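Scroll down for the structure; my scribbles are underneath it.
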Amino acid sequence: MGPSSCKLTNLTMVSRFLIYLLFLSLASIASGAEPLPAPADRPLKTMMPPELTKESAEGFKVIILSATSRLGDSIDEIARSSGVEGFSSPWLLGISGARYLASLILLMLVCVFTISVVSLIRKNAGRIATGDMNKKSWPKILLTAARKPLALVIWIYGTYFALGILFDAMDPTVAIAFLGEKLTSLTYVGVIIALFWLAFRIIAAVQKMMQHRAAKHEQVVRKILVPVIGNALRSLVLIAGVLILTNTLELPPPIEMFSSKMIAMLVIASVASLIIRAATTAERVLLEANRLDVADNLRAREIYTQVSVIRRIVIICVSVLAVACGLMLFQPVRQLGTSILASAGIAGIVLGLAAQKTLSNLFAGIQIAISQPIRIDDVVIVEGEWGWIEEISLTFVTVRVWDLRRLILPINYFIEKPFQNWTRSSAKLINSFFLHADYTLPVEPLRQELTRLLKANPLWDGDVDCLQVTDSTPTSMEIRCLMTSADAPKGWDLKCEIREGLVRFMQENYPAALPKVRAELHPAESSGAPVA
(Lines give C-alpha, C1' and ligand atoms only; values in the text may rest on other atoms or scores of the structure.)
Protein backbone atom coordinates (compact mmCIF):
# COMPACT_ATOMS: atom_id res chain seq x y z
CA MET A 1 0.00 0.00 0.00
CA GLY A 2 1.55 3.27 -1.11
CA PRO A 3 1.57 6.56 0.86
CA SER A 4 -1.33 8.05 -1.10
CA SER A 5 -3.61 5.01 -0.70
CA CYS A 6 -2.68 4.69 3.00
CA LYS A 7 -3.45 8.37 3.58
CA LEU A 8 -6.75 8.09 1.71
CA THR A 9 -7.77 5.08 3.80
CA ASN A 10 -6.94 6.91 7.03
CA LEU A 11 -8.90 10.00 6.01
CA THR A 12 -11.90 7.91 4.99
CA MET A 13 -12.11 6.04 8.30
CA VAL A 14 -11.49 9.17 10.39
CA SER A 15 -14.11 11.15 8.46
CA ARG A 16 -16.70 8.41 9.06
CA PHE A 17 -15.78 8.42 12.73
CA LEU A 18 -16.12 12.19 13.11
CA ILE A 19 -19.35 12.44 11.09
CA TYR A 20 -20.97 9.73 13.18
CA LEU A 21 -19.91 11.36 16.45
CA LEU A 22 -21.02 14.80 15.24
CA PHE A 23 -24.45 13.39 14.49
CA LEU A 24 -24.74 11.89 17.97
CA SER A 25 -23.45 15.05 19.65
CA LEU A 26 -25.94 17.27 17.86
CA ALA A 27 -28.71 14.85 18.78
CA SER A 28 -27.60 15.06 22.41
CA ILE A 29 -27.62 18.87 22.38
CA ALA A 30 -31.01 19.04 20.71
CA SER A 31 -32.55 16.76 23.32
CA GLY A 32 -32.98 17.89 26.90
CA ALA A 33 -34.26 14.50 28.04
CA GLU A 34 -32.60 12.55 30.80
CA PRO A 35 -30.86 9.31 29.82
CA LEU A 36 -33.26 6.38 29.95
CA PRO A 37 -32.46 2.70 30.43
CA ALA A 38 -30.91 1.12 27.35
CA PRO A 39 -33.21 -0.92 25.12
CA ALA A 40 -33.07 -4.65 25.59
CA ASP A 41 -32.07 -5.27 21.99
CA ARG A 42 -28.58 -3.82 22.29
CA PRO A 43 -26.10 -6.70 22.37
CA LEU A 44 -23.11 -4.51 21.49
CA LYS A 45 -23.66 -2.19 24.46
CA THR A 46 -22.63 -4.99 26.80
CA MET A 47 -19.13 -4.75 25.35
CA MET A 48 -18.68 -1.35 27.04
CA PRO A 49 -20.40 -0.98 30.48
CA PRO A 50 -22.38 2.30 30.44
CA GLU A 51 -21.82 2.86 34.19
CA LEU A 52 -18.04 3.12 33.77
CA THR A 53 -18.13 5.50 30.83
CA LYS A 54 -20.81 7.73 32.38
CA GLU A 55 -18.98 7.80 35.70
CA SER A 56 -15.75 8.89 33.98
CA ALA A 57 -17.66 11.53 32.02
CA GLU A 58 -19.23 12.96 35.18
CA GLY A 59 -15.84 13.06 36.89
CA PHE A 60 -14.36 14.87 33.90
CA LYS A 61 -17.17 17.43 33.94
CA VAL A 62 -16.71 18.13 37.65
CA ILE A 63 -12.97 18.72 37.21
CA ILE A 64 -13.20 21.13 34.29
CA LEU A 65 -16.23 22.96 35.77
CA SER A 66 -14.29 23.51 38.98
CA ALA A 67 -11.24 24.70 37.04
CA THR A 68 -13.38 27.07 34.97
CA SER A 69 -15.03 28.51 38.08
CA ARG A 70 -11.67 29.13 39.77
CA LEU A 71 -10.28 30.76 36.61
CA GLY A 72 -13.32 33.05 36.36
CA ASP A 73 -13.06 34.03 40.03
CA SER A 74 -9.38 34.87 39.58
CA ILE A 75 -10.20 37.08 36.59
CA ASP A 76 -12.89 38.91 38.57
CA GLU A 77 -10.50 39.37 41.50
CA ILE A 78 -7.83 40.85 39.20
CA ALA A 79 -10.42 43.17 37.63
CA ARG A 80 -11.61 44.42 41.04
CA SER A 81 -8.05 44.98 42.27
CA SER A 82 -7.16 46.93 39.10
CA GLY A 83 -9.62 49.67 40.03
CA VAL A 84 -10.98 49.98 36.49
CA GLU A 85 -14.74 50.24 36.80
CA GLY A 86 -15.49 49.02 33.25
CA PHE A 87 -13.71 45.73 33.80
CA SER A 88 -15.51 44.65 36.96
CA SER A 89 -19.00 45.93 36.07
CA PRO A 90 -21.47 43.67 34.22
CA TRP A 91 -21.75 44.02 30.46
CA LEU A 92 -23.83 42.03 28.03
CA LEU A 93 -25.72 39.03 29.55
CA GLY A 94 -24.48 40.00 33.03
CA ILE A 95 -20.83 39.11 32.26
CA SER A 96 -18.03 41.47 33.28
CA GLY A 97 -15.81 43.17 30.75
CA ALA A 98 -12.75 41.47 32.26
CA ARG A 99 -14.15 38.07 31.37
CA TYR A 100 -14.87 39.14 27.79
CA LEU A 101 -11.32 40.47 27.45
CA ALA A 102 -9.85 37.33 29.04
CA SER A 103 -11.90 35.15 26.69
CA LEU A 104 -10.56 37.03 23.65
CA ILE A 105 -6.98 36.81 24.92
CA LEU A 106 -7.35 33.07 25.58
CA LEU A 107 -8.58 32.43 22.03
CA MET A 108 -5.64 34.41 20.58
CA LEU A 109 -3.15 32.57 22.78
CA VAL A 110 -4.63 29.21 21.81
CA CYS A 111 -4.32 30.10 18.13
CA VAL A 112 -0.68 31.22 18.45
CA PHE A 113 0.28 28.29 20.68
CA THR A 114 -1.34 25.72 18.38
CA ILE A 115 0.36 27.06 15.27
CA SER A 116 3.71 27.13 17.06
CA VAL A 117 3.44 23.57 18.38
CA VAL A 118 2.28 22.15 15.04
CA SER A 119 5.02 23.96 13.11
CA LEU A 120 7.70 22.84 15.57
CA ILE A 121 6.64 19.18 15.38
CA ARG A 122 6.34 19.26 11.60
CA LYS A 123 9.79 20.84 11.26
CA ASN A 124 11.55 18.33 13.51
CA ALA A 125 9.53 15.13 12.91
CA GLY A 126 7.93 15.61 9.47
CA ARG A 127 4.73 13.92 8.35
CA ILE A 128 3.56 10.32 8.49
CA ALA A 129 3.00 9.85 4.75
CA THR A 130 6.10 11.71 3.52
CA GLY A 131 9.83 11.65 4.06
CA ASP A 132 12.47 8.95 4.16
CA MET A 133 11.42 6.31 6.68
CA ASN A 134 15.08 5.29 7.12
CA LYS A 135 15.80 8.66 8.73
CA LYS A 136 12.87 8.53 11.15
CA SER A 137 13.28 7.18 14.67
CA TRP A 138 10.46 5.83 16.80
CA PRO A 139 10.22 9.02 18.94
CA LYS A 140 9.86 11.10 15.78
CA ILE A 141 7.20 8.80 14.41
CA LEU A 142 5.18 8.95 17.64
CA LEU A 143 5.59 12.74 17.78
CA THR A 144 4.39 13.03 14.18
CA ALA A 145 1.37 10.90 14.99
CA ALA A 146 0.53 13.10 18.00
CA ARG A 147 0.73 16.38 16.06
CA LYS A 148 -2.88 16.75 14.90
CA PRO A 149 -4.54 15.18 17.99
CA LEU A 150 -2.43 17.43 20.20
CA ALA A 151 -3.55 20.49 18.23
CA LEU A 152 -7.16 19.33 18.61
CA VAL A 153 -6.78 18.96 22.41
CA ILE A 154 -5.26 22.44 22.67
CA TRP A 155 -8.14 23.92 20.70
CA ILE A 156 -10.73 22.00 22.73
CA TYR A 157 -9.42 23.10 26.12
CA GLY A 158 -8.61 26.63 24.97
CA THR A 159 -12.06 27.13 23.43
CA TYR A 160 -13.76 25.60 26.46
CA PHE A 161 -12.02 27.85 29.00
CA ALA A 162 -12.46 30.91 26.74
CA LEU A 163 -16.22 30.29 26.53
CA GLY A 164 -16.59 28.58 29.90
CA ILE A 165 -15.61 31.70 31.90
CA LEU A 166 -18.41 33.48 30.08
CA PHE A 167 -21.08 30.84 30.76
CA ASP A 168 -19.90 30.56 34.39
CA ALA A 169 -20.88 34.21 35.06
CA MET A 170 -23.96 34.23 32.83
CA ASP A 171 -27.39 34.83 34.30
CA PRO A 172 -29.14 31.42 34.54
CA THR A 173 -32.38 32.95 33.29
CA VAL A 174 -30.83 33.81 29.92
CA ALA A 175 -32.10 31.66 27.07
CA ILE A 176 -28.66 30.45 26.01
CA ALA A 177 -27.39 29.66 29.51
CA PHE A 178 -28.14 25.93 29.06
CA LEU A 179 -25.43 25.78 26.39
CA GLY A 180 -22.81 25.94 29.15
CA GLU A 181 -23.64 22.40 30.28
CA LYS A 182 -23.72 21.18 26.68
CA LEU A 183 -20.33 22.80 26.11
CA THR A 184 -18.92 20.69 28.95
CA SER A 185 -20.32 17.52 27.38
CA LEU A 186 -18.93 18.45 23.98
CA THR A 187 -15.53 19.10 25.54
CA TYR A 188 -15.50 15.58 26.95
CA VAL A 189 -16.55 14.22 23.55
CA GLY A 190 -13.78 16.20 21.87
CA VAL A 191 -11.13 14.91 24.27
CA ILE A 192 -12.24 11.30 23.71
CA ILE A 193 -12.14 11.86 19.95
CA ALA A 194 -8.63 13.31 20.24
CA LEU A 195 -7.42 10.33 22.30
CA PHE A 196 -8.79 7.76 19.87
CA TRP A 197 -7.53 9.80 16.93
CA LEU A 198 -4.10 9.73 18.56
CA ALA A 199 -4.28 5.93 18.86
CA PHE A 200 -5.47 5.73 15.26
CA ARG A 201 -2.56 7.82 13.96
CA ILE A 202 0.00 5.98 16.08
CA ILE A 203 -1.18 2.68 14.59
CA ALA A 204 -1.00 4.17 11.08
CA ALA A 205 2.53 5.49 11.69
CA VAL A 206 3.76 2.22 13.16
CA GLN A 207 2.14 0.32 10.28
CA LYS A 208 3.93 2.50 7.73
CA MET A 209 7.27 1.96 9.46
CA MET A 210 6.72 -1.80 9.63
CA GLN A 211 5.65 -1.92 5.98
CA HIS A 212 8.81 -0.04 5.05
CA ARG A 213 10.93 -2.56 6.93
CA ALA A 214 8.96 -5.53 5.60
CA ALA A 215 9.57 -4.32 2.04
CA LYS A 216 13.29 -4.89 2.57
CA HIS A 217 12.76 -8.57 3.37
CA GLU A 218 11.69 -11.39 1.11
CA GLN A 219 9.24 -12.88 3.62
CA VAL A 220 5.81 -12.77 2.00
CA VAL A 221 4.02 -13.53 5.29
CA ARG A 222 5.41 -10.40 6.91
CA LYS A 223 4.32 -8.23 4.00
CA ILE A 224 0.78 -9.61 4.30
CA LEU A 225 0.44 -9.55 8.10
CA VAL A 226 1.65 -5.97 8.68
CA PRO A 227 -1.13 -4.18 6.72
CA VAL A 228 -3.78 -6.67 7.84
CA ILE A 229 -2.95 -6.25 11.54
CA GLY A 230 -2.72 -2.48 11.11
CA ASN A 231 -6.16 -2.29 9.48
CA ALA A 232 -7.61 -4.55 12.19
CA LEU A 233 -6.25 -2.36 15.01
CA ARG A 234 -7.53 0.82 13.37
CA SER A 235 -10.98 -0.69 12.95
CA LEU A 236 -10.89 -1.75 16.62
CA VAL A 237 -10.00 1.81 17.68
CA LEU A 238 -12.84 3.19 15.57
CA ILE A 239 -15.43 0.82 17.05
CA ALA A 240 -14.19 1.30 20.64
CA GLY A 241 -14.36 5.09 20.30
CA VAL A 242 -17.92 4.99 19.00
CA LEU A 243 -19.01 2.60 21.77
CA ILE A 244 -17.53 4.77 24.53
CA LEU A 245 -19.04 7.98 23.24
CA THR A 246 -22.50 6.57 22.60
CA ASN A 247 -22.55 5.31 26.19
CA THR A 248 -21.72 8.75 27.57
CA LEU A 249 -24.03 10.87 25.37
CA GLU A 250 -27.52 11.57 26.65
CA LEU A 251 -29.61 10.41 23.75
CA PRO A 252 -33.39 9.99 23.55
CA PRO A 253 -34.58 6.39 23.19
CA PRO A 254 -35.31 6.47 19.41
CA ILE A 255 -31.88 7.90 18.59
CA GLU A 256 -30.23 5.55 21.08
CA MET A 257 -31.90 2.57 19.41
CA PHE A 258 -30.83 3.88 16.01
CA SER A 259 -27.24 4.37 17.22
CA SER A 260 -27.16 0.81 18.54
CA LYS A 261 -28.17 -0.54 15.14
CA MET A 262 -25.62 1.70 13.43
CA ILE A 263 -22.86 0.46 15.74
CA ALA A 264 -23.77 -3.14 14.97
CA MET A 265 -23.72 -2.39 11.25
CA LEU A 266 -20.40 -0.59 11.71
CA VAL A 267 -18.93 -3.71 13.33
CA ILE A 268 -20.25 -5.94 10.52
CA ALA A 269 -18.96 -3.58 7.84
CA SER A 270 -15.57 -3.30 9.55
CA VAL A 271 -15.14 -7.07 9.79
CA ALA A 272 -16.23 -7.56 6.17
CA SER A 273 -13.96 -4.75 4.99
CA LEU A 274 -11.05 -6.21 6.96
CA ILE A 275 -11.48 -9.66 5.38
CA ILE A 276 -11.79 -8.21 1.87
CA ARG A 277 -8.76 -6.00 2.44
CA ALA A 278 -6.79 -8.97 3.72
CA ALA A 279 -7.66 -10.96 0.57
CA THR A 280 -6.76 -8.02 -1.68
CA THR A 281 -3.49 -7.36 0.17
CA ALA A 282 -2.53 -11.03 0.02
CA GLU A 283 -3.19 -11.10 -3.72
CA ARG A 284 -1.14 -7.94 -4.31
CA VAL A 285 1.82 -9.12 -2.22
CA LEU A 286 1.84 -12.60 -3.76
CA LEU A 287 1.73 -11.17 -7.28
CA GLU A 288 4.56 -8.77 -6.48
CA ALA A 289 6.63 -11.68 -5.16
CA ASN A 290 5.80 -13.89 -8.16
CA ARG A 291 6.00 -11.84 -11.33
CA LEU A 292 4.57 -12.90 -14.68
CA ASP A 293 7.05 -10.93 -16.80
CA VAL A 294 9.94 -13.35 -16.29
CA ALA A 295 11.14 -16.23 -18.43
CA ASP A 296 10.24 -19.14 -16.14
CA ASN A 297 6.90 -18.01 -14.70
CA LEU A 298 5.15 -21.35 -14.21
CA ARG A 299 4.93 -20.99 -10.41
CA ALA A 300 3.83 -17.37 -10.75
CA ARG A 301 1.00 -18.35 -13.10
CA GLU A 302 -0.18 -21.03 -10.68
CA ILE A 303 -0.29 -18.55 -7.79
CA TYR A 304 -1.90 -15.84 -9.91
CA THR A 305 -4.69 -18.17 -10.99
CA GLN A 306 -5.38 -19.40 -7.46
CA VAL A 307 -5.35 -16.07 -5.66
CA SER A 308 -7.38 -14.23 -8.32
CA VAL A 309 -10.19 -16.80 -8.24
CA ILE A 310 -10.08 -17.23 -4.44
CA ARG A 311 -10.15 -13.44 -3.91
CA ARG A 312 -13.32 -13.14 -6.01
CA ILE A 313 -14.95 -15.99 -4.10
CA VAL A 314 -14.01 -14.41 -0.75
CA ILE A 315 -15.36 -11.00 -1.78
CA ILE A 316 -18.66 -12.44 -2.98
CA CYS A 317 -19.18 -14.65 0.09
CA VAL A 318 -18.19 -11.96 2.60
CA SER A 319 -20.35 -9.34 0.90
CA VAL A 320 -23.40 -11.61 0.89
CA LEU A 321 -22.88 -12.58 4.55
CA ALA A 322 -22.34 -8.95 5.59
CA VAL A 323 -25.54 -7.81 3.88
CA ALA A 324 -27.47 -10.73 5.38
CA CYS A 325 -26.18 -10.01 8.91
CA GLY A 326 -26.96 -6.31 8.52
CA LEU A 327 -30.54 -7.00 7.45
CA MET A 328 -31.08 -9.47 10.27
CA LEU A 329 -30.47 -6.69 12.79
CA PHE A 330 -33.92 -5.30 12.06
CA GLN A 331 -36.93 -7.10 13.47
CA PRO A 332 -39.21 -7.00 10.37
CA VAL A 333 -36.47 -8.46 8.18
CA ARG A 334 -35.71 -11.06 10.84
CA GLN A 335 -39.31 -12.25 10.78
CA LEU A 336 -39.24 -12.32 7.01
CA GLY A 337 -36.07 -14.37 7.21
CA THR A 338 -37.82 -16.90 9.44
CA SER A 339 -40.60 -17.26 6.88
CA ILE A 340 -38.09 -17.68 4.10
CA LEU A 341 -36.20 -20.35 6.03
CA ALA A 342 -39.46 -22.26 6.56
CA SER A 343 -39.82 -22.66 2.81
CA ALA A 344 -36.11 -22.97 2.10
CA GLY A 345 -36.42 -26.57 0.91
CA ILE A 346 -38.79 -25.83 -1.97
CA ALA A 347 -37.10 -22.53 -2.77
CA GLY A 348 -33.72 -24.22 -2.79
CA ILE A 349 -34.90 -26.85 -5.29
CA VAL A 350 -36.48 -24.24 -7.56
CA LEU A 351 -33.47 -21.95 -7.43
CA GLY A 352 -31.12 -24.87 -7.93
CA LEU A 353 -32.91 -25.94 -11.12
CA ALA A 354 -33.13 -22.35 -12.38
CA ALA A 355 -29.48 -21.56 -11.65
CA GLN A 356 -28.04 -24.91 -12.68
CA LYS A 357 -25.75 -23.42 -15.32
CA THR A 358 -24.60 -20.63 -13.03
CA LEU A 359 -23.88 -23.01 -10.17
CA SER A 360 -22.01 -25.40 -12.44
CA ASN A 361 -19.84 -22.52 -13.65
CA LEU A 362 -19.22 -21.44 -10.06
CA PHE A 363 -18.10 -24.91 -8.99
CA ALA A 364 -16.07 -25.25 -12.17
CA GLY A 365 -14.26 -22.03 -11.23
CA ILE A 366 -13.44 -23.42 -7.80
CA GLN A 367 -12.26 -26.69 -9.35
CA ILE A 368 -10.03 -24.84 -11.82
CA ALA A 369 -8.53 -22.76 -9.01
CA ILE A 370 -7.61 -25.96 -7.14
CA SER A 371 -6.65 -28.44 -9.89
CA GLN A 372 -5.49 -25.77 -12.39
CA PRO A 373 -5.94 -27.37 -15.82
CA ILE A 374 -5.44 -23.79 -17.04
CA ARG A 375 -3.66 -20.81 -15.52
CA ILE A 376 -3.34 -17.15 -16.29
CA ASP A 377 -1.04 -16.63 -19.32
CA ASP A 378 -1.18 -20.30 -20.37
CA VAL A 379 -0.88 -20.92 -24.12
CA VAL A 380 -3.89 -22.95 -25.28
CA ILE A 381 -5.63 -24.07 -28.44
CA VAL A 382 -9.41 -24.05 -28.08
CA GLU A 383 -12.05 -24.09 -30.80
CA GLY A 384 -9.24 -24.17 -33.37
CA GLU A 385 -7.80 -20.88 -32.08
CA TRP A 386 -4.29 -20.35 -30.65
CA GLY A 387 -3.97 -17.82 -27.80
CA TRP A 388 -3.24 -17.02 -24.15
CA ILE A 389 -5.48 -17.31 -21.10
CA GLU A 390 -6.05 -13.64 -20.23
CA GLU A 391 -8.67 -13.76 -17.46
CA ILE A 392 -10.34 -16.41 -15.33
CA SER A 393 -13.51 -15.27 -13.59
CA LEU A 394 -16.10 -17.27 -11.69
CA THR A 395 -18.26 -17.77 -14.78
CA PHE A 396 -16.14 -17.38 -17.92
CA VAL A 397 -12.60 -17.49 -19.30
CA THR A 398 -11.15 -14.93 -21.71
CA VAL A 399 -8.64 -16.22 -24.28
CA ARG A 400 -6.53 -13.59 -26.06
CA VAL A 401 -6.06 -14.91 -29.59
CA TRP A 402 -2.72 -14.28 -31.34
CA ASP A 403 -4.28 -11.57 -33.55
CA LEU A 404 -5.63 -9.74 -30.43
CA ARG A 405 -9.17 -11.06 -30.77
CA ARG A 406 -10.82 -12.23 -27.54
CA LEU A 407 -12.48 -15.63 -27.29
CA ILE A 408 -14.98 -15.79 -24.40
CA LEU A 409 -15.78 -19.30 -23.16
CA PRO A 410 -17.87 -20.53 -20.20
CA ILE A 411 -15.58 -21.76 -17.48
CA ASN A 412 -17.05 -25.27 -17.43
CA TYR A 413 -15.85 -25.64 -21.06
CA PHE A 414 -12.39 -26.37 -19.68
CA ILE A 415 -13.81 -29.08 -17.41
CA GLU A 416 -16.06 -30.84 -19.92
CA LYS A 417 -14.23 -30.57 -23.28
CA PRO A 418 -10.70 -31.45 -24.44
CA PHE A 419 -8.29 -28.64 -25.34
CA GLN A 420 -4.56 -28.20 -25.81
CA ASN A 421 -2.46 -26.53 -23.11
CA TRP A 422 1.04 -25.88 -24.37
CA THR A 423 2.33 -24.59 -21.02
CA ARG A 424 0.72 -27.04 -18.60
CA SER A 425 3.98 -28.18 -17.00
CA SER A 426 6.51 -26.11 -18.93
CA ALA A 427 6.51 -23.41 -21.58
CA LYS A 428 9.26 -25.23 -23.50
CA LEU A 429 8.18 -26.58 -26.91
CA ILE A 430 9.62 -28.73 -29.71
CA ASN A 431 8.97 -26.87 -32.97
CA SER A 432 8.94 -28.54 -36.38
CA PHE A 433 8.57 -27.63 -40.03
CA PHE A 434 8.91 -29.53 -43.32
CA LEU A 435 10.90 -28.94 -46.50
CA HIS A 436 10.49 -30.69 -49.83
CA ALA A 437 13.55 -31.21 -52.09
CA ASP A 438 14.68 -33.21 -55.07
CA TYR A 439 16.38 -36.57 -54.55
CA THR A 440 19.64 -35.09 -55.82
CA LEU A 441 20.02 -32.87 -52.72
CA PRO A 442 22.72 -34.13 -50.30
CA VAL A 443 21.20 -34.21 -46.81
CA GLU A 444 24.35 -33.86 -44.70
CA PRO A 445 25.25 -30.29 -45.82
CA LEU A 446 21.68 -29.24 -45.11
CA ARG A 447 21.90 -30.80 -41.64
CA GLN A 448 25.11 -28.91 -40.94
CA GLU A 449 23.52 -25.66 -42.13
CA LEU A 450 20.59 -26.21 -39.76
CA THR A 451 23.02 -26.59 -36.83
CA ARG A 452 24.89 -23.43 -37.83
CA LEU A 453 21.69 -21.40 -38.14
CA LEU A 454 20.38 -22.59 -34.77
CA LYS A 455 23.61 -21.78 -32.94
CA ALA A 456 23.54 -18.27 -34.39
CA ASN A 457 19.92 -17.66 -33.44
CA PRO A 458 19.22 -16.36 -29.88
CA LEU A 459 15.69 -17.83 -29.95
CA TRP A 460 17.04 -21.41 -29.82
CA ASP A 461 17.45 -22.78 -26.28
CA GLY A 462 20.29 -25.14 -27.27
CA ASP A 463 18.46 -28.43 -26.65
CA VAL A 464 17.01 -30.17 -29.73
CA ASP A 465 18.63 -29.93 -33.18
CA CYS A 466 17.44 -32.55 -35.62
CA LEU A 467 17.02 -32.90 -39.40
CA GLN A 468 15.58 -36.12 -40.86
CA VAL A 469 14.12 -37.38 -44.12
CA THR A 470 10.69 -38.48 -42.97
CA ASP A 471 8.96 -39.34 -46.23
CA SER A 472 9.47 -39.75 -49.96
CA THR A 473 7.07 -39.17 -52.83
CA PRO A 474 7.40 -39.89 -56.54
CA THR A 475 8.56 -36.30 -57.11
CA SER A 476 10.45 -35.24 -53.94
CA MET A 477 11.61 -36.20 -50.48
CA GLU A 478 10.15 -34.74 -47.28
CA ILE A 479 12.64 -33.29 -44.75
CA ARG A 480 11.55 -32.54 -41.17
CA CYS A 481 13.47 -30.08 -38.99
CA LEU A 482 13.09 -30.14 -35.19
CA MET A 483 14.25 -27.47 -32.72
CA THR A 484 13.28 -26.33 -29.23
CA SER A 485 12.45 -22.90 -27.81
CA ALA A 486 11.64 -21.44 -24.41
CA ASP A 487 8.00 -20.75 -25.29
CA ALA A 488 5.52 -20.78 -28.15
CA PRO A 489 5.98 -17.19 -29.47
CA LYS A 490 9.74 -17.66 -29.65
CA GLY A 491 9.20 -21.05 -31.30
CA TRP A 492 7.07 -19.53 -34.05
CA ASP A 493 9.67 -16.87 -34.84
CA LEU A 494 12.46 -19.46 -34.67
CA LYS A 495 10.71 -21.75 -37.19
CA CYS A 496 10.14 -18.93 -39.65
CA GLU A 497 13.75 -17.69 -39.47
CA ILE A 498 15.32 -21.15 -39.79
CA ARG A 499 12.99 -22.10 -42.66
CA GLU A 500 13.99 -18.96 -44.55
CA GLY A 501 17.68 -19.68 -43.91
CA LEU A 502 17.50 -23.26 -45.22
CA VAL A 503 15.55 -22.24 -48.33
CA ARG A 504 18.13 -19.55 -49.04
CA PHE A 505 20.93 -22.12 -48.53
CA MET A 506 19.30 -24.46 -51.09
CA GLN A 507 18.78 -21.64 -53.57
CA GLU A 508 22.40 -20.49 -53.37
CA ASN A 509 24.20 -23.87 -53.18
CA TYR A 510 21.88 -26.50 -54.68
CA PRO A 511 19.42 -24.76 -57.01
CA ALA A 512 19.07 -27.91 -59.11
CA ALA A 513 17.84 -29.82 -56.06
CA LEU A 514 14.74 -27.70 -55.61
CA PRO A 515 11.49 -29.63 -56.11
CA LYS A 516 10.76 -30.29 -59.81
CA VAL A 517 8.40 -32.30 -61.93
CA ARG A 518 9.99 -34.81 -64.38
CA ALA A 519 8.48 -35.81 -67.69
CA GLU A 520 9.75 -38.35 -70.25
CA LEU A 521 9.21 -37.68 -73.98
CA HIS A 522 8.81 -40.54 -76.52
CA PRO A 523 8.90 -40.08 -80.35
CA ALA A 524 5.60 -40.68 -82.13
CA GLU A 525 5.50 -43.89 -84.00
CA SER A 526 3.92 -42.46 -87.15
CA SER A 527 4.36 -38.70 -87.46
CA GLY A 528 7.46 -38.04 -85.44
CA ALA A 529 5.68 -35.35 -83.36
CA PRO A 530 6.76 -35.24 -79.74
CA VAL A 531 4.36 -36.72 -77.24
CA ALA A 532 4.43 -35.67 -73.57
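The values are calculated or read from the model by the stated rules, or taken from the named source; none is laboratory data. Everything numeric here is computed off the predicted structure, so don't read it as measured data. Quick note on the areas: whole protein, heavy atoms, side chains included, nothing else; ligands and nucleic acids left out. Shrake-Rupley method; radii C 1.70, N 1.55, O 1.52, S 1.80 Å.
I'd like the accessible area for Glu288: 1.4 Å probe, protein heavy atoms, all chains in place, Å² to the nearest 10.
About 110 Å², rounded to the nearest 10.
What list of ³J(HN,Hα) couplings, whole Hz, do you get for the range 380-391 from phi and the Karplus terms 6.51, -1.76, 1.60, once you set θ to phi - 60° and write x for glycine and proline?
10, 10, 10, 6, x, 10, 9, x, 10, 6, 9, 8
By accessible area of protein heavy atoms, probe 1.4 Å, what ranking do Ser74, Ser270, Ser69 get, highest first?
Ranked from most to least accessible, the order is Ser74, Ser69, Ser270.
Taking a 1.4 Å probe, which of Ser81, Ser259 shows the most accessible area, and what order do the others take after it?
Output order, biggest surface exposure first: Ser81, Ser259.
Greater than 18 Å separation of Cα atoms is the criterion. Which listed pairs, Lys61/Lys261; Lys417/Lys495; Lys428/Lys490, meet it?
With Cα atoms farther than 18 Å apart: Lys61/Lys261; Lys417/Lys495.
Give the accessible area for Phe363 in Å² (nearest 10); use a 1.4 Å probe, count only protein heavy atoms, and leave out ligands, DNA and RNA.
120 Å²
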